[in-house]
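Quick notes on the structure that follows.
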């Protein structure tokens with residue numbers, strides 16, 4: 001963080017899951033990080049999920065803008081399926 005602002009992330013700052021999310025968003029696709037085991041996919045177990053299933057809030061806020069600019073599109077949307085604790 002510099003000057004009270006959060007530095008923009010670049011591709012080399014992203015985890016594999018975050019990179020996959022940005023790529024999917026740029027193509028207007030969803031990214032499904034579920035493992036298809038109900039007990040493990042339940043949001044109550046979210047704190048125990050590894051980096052392969054975690055997306056930082058900064059990425060969620062930055063990725064739509066980057067994808068939108070790249071595609072010269074006015075809107076890019078994410079669909080969050082399940083609970084989201086903010």
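Side notes on the structure shown:
- Given (1) closer than 18 Å to residue 61 by Cβ; (2) modelled with pLDDT of 85 or more; (3) loosely packed, with under 10 Cβ neighbours inside 10 Å, index of the condition residue 5 fails: (2)
- The condition of being part of a loop (DSSP other than H, G, I, E, B) and either surrounded by 13 or more Cβ atoms within 10 Å (Cβ to Cβ) or at pLDDT 85 or above (or both) holds for only one of 34, 20, that being 34.
The values are calculated or read from the model by the stated rules, or taken from the named source; none is laboratory data. Please read these numbers as outputs of a predicted model, since none were measured by experiment. Because the Cβ atoms are built from the backbone with ideal geometry, glycine has one as well, and the counts that use them run over all protein chains shown.
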